[in-house]
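The block underneath contains the structure these notes are about, expressed in structure tokens.
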Amino acid sequence: SADNIIAGDSVIVSGPIGDHAISVISKREGIEFDTMVRSDSDPLDKLIRKVLRASKKVRFMRDPTRGGLATTLNEIALLAKSGIAIEEAEVPVAEGVRQACELLGFDPLYLACEGRVIIIAAKEDGERVLKALRSDKTGRGAKIIGSVTDDSPGRVRLNTISGGKRILDMLSGEQLPRIC
């Protein structure tokens, strides 16, 4: 439950983001990239079982399908009445997805993921959860991308690679590509 989330908790994503959305749009539109982008669509039940066996301090989990990572983190921040700060340098994005986003003008933070999970876990269990995720092929690209904060309840902040700060809002308008 989001009621269990507290400041200092680790924010973890189970792998690179945006693969599914870029895969779908490239097939629909007949766009080819130098780097093959495959959907991240995968069942998460075994992966989640491993995580729950590894830690009794998992506070919350959600898939970032609609609206991608940024929108899902905003939903979590609102439910938990906490802020969330993520580090841009830690957010895993495959090179093919990054290149496609630059070419097409998409922000990977808002792209749908079908085989990923966002996990909020107690800080002291963050590395344990990461190890459990990485022990499964579905979670090999898992990373701790940030933490829950006391400041700015209901808001998500991206600490950029260049040293700035950017507020991540909910997705506005239509998600492209529309998956469902």
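The values are calculated or read from the model by the stated rules, or taken from the named source; none is laboratory data. Small disclaimer: the values here were computed from a predicted structure and weren't measured. Please note: Cβ atoms are built from the backbone with ideal geometry, for glycine as well, and neighbour counts cover all protein chains shown. Side chains included, ligands, DNA and RNA excluded: accessible areas come from the protein's heavy atoms. Shrake-Rupley method; radii C 1.70, N 1.55, O 1.52, S 1.80 Å.
Ordering 102, 88 by how much accessible area each has at a 1.4 Å probe, largest first, what is the list?
From most exposed to least exposed: 102, 88.
Post the alpha-carbon centroid distance, the range 1-24 to the range 109-141, in whole angstrom.
7
Extension gain residue 140-residue 127, at 0.36 nm per residue separation less the Cα-Cα distance, in nm?
Answer, rounded to one decimal: 3.3 nm.
Quick check: with the 1.4 Å probe, what order do 116, 128 take by accessible area, largest first?
128, 116
Can you tell which of 54, 85, 73 lies farthest toward the positive end of the dipole of the range 42-109, using +1 and -1 charges on the Cβ of basic and acidic side chains (Lys, Arg; Asp, Glu)?
About the Cα centre, the residue reaching furthest to the positive side is 54.
Over the heavy atoms of residue 46, what accessible area does a 1.4 Å probe trace out, to the nearest 10 Å²?
Roll a 1.4 Å probe over it and residue 46 shows about 130 Å².
So what's the net charge close to residue 122: Lys and Arg +1, Asp and Glu -1, counting the other residues with Cβ under 15 Å from its Cβ?
Local charge sum for residue 122: +1.
At 0.36 nm per residue, minus the direct Cα-Cα distance, what do residue 160 and residue 98 gain on full extension? Give it in nm, one decimal, please.
20.8 nm
Which of these values of semi-axes √(5λ) of the Cα gyration tensor in Å was calculated from the structure shown: (i) 31, 16, 14; (ii) 25, 19, 14; (iii) 28, 18, 17?
Computed from these coordinates, semi-axes √(5λ) of the Cα gyration tensor in Å corresponds to label (ii).
Return the calculated 222 nm mean residue ellipticity for the chain, to the nearest 500 deg cm²/dmol, obtained by summing -39500 (n - 2.57) across DSSP H runs with n ≥ 4 and dividing by the residue count.
Theoretical 222 nm ellipticity from helices: -9000 deg cm²/dmol.
Within the range 121-157, what residues put their amide N at less than 13 Å from the label point 7 Å along the Cα-to-Cβ vector of residue 81?
The answer is 153-154, whose backbone nitrogens lie closer than 13 Å to the label point.
Return the distance in nm (one decimal) between the two label points of a simple spin-label model at residue 62 and residue 27, each offset 7 Å from Cα along Cα→Cβ.
Between residue 62 and residue 27, the label points sit 2.7 nm apart.
How about residue 27: which lysines have a C-alpha closer than 27 Å to its C-alpha, ignoring those fewer than 8 places off in the same chain?
Within the straight-line limit of under 27 Å, residue 27 reaches these lysines: 137.
Where nothing but the Cβ of Lys and Arg (+1) and of Asp and Glu (-1) is charged, how large is the charge dipole of the range 1-151 around its Cα centre, in debye to the nearest 20?
Roughly 820 debye for the range 1-151.
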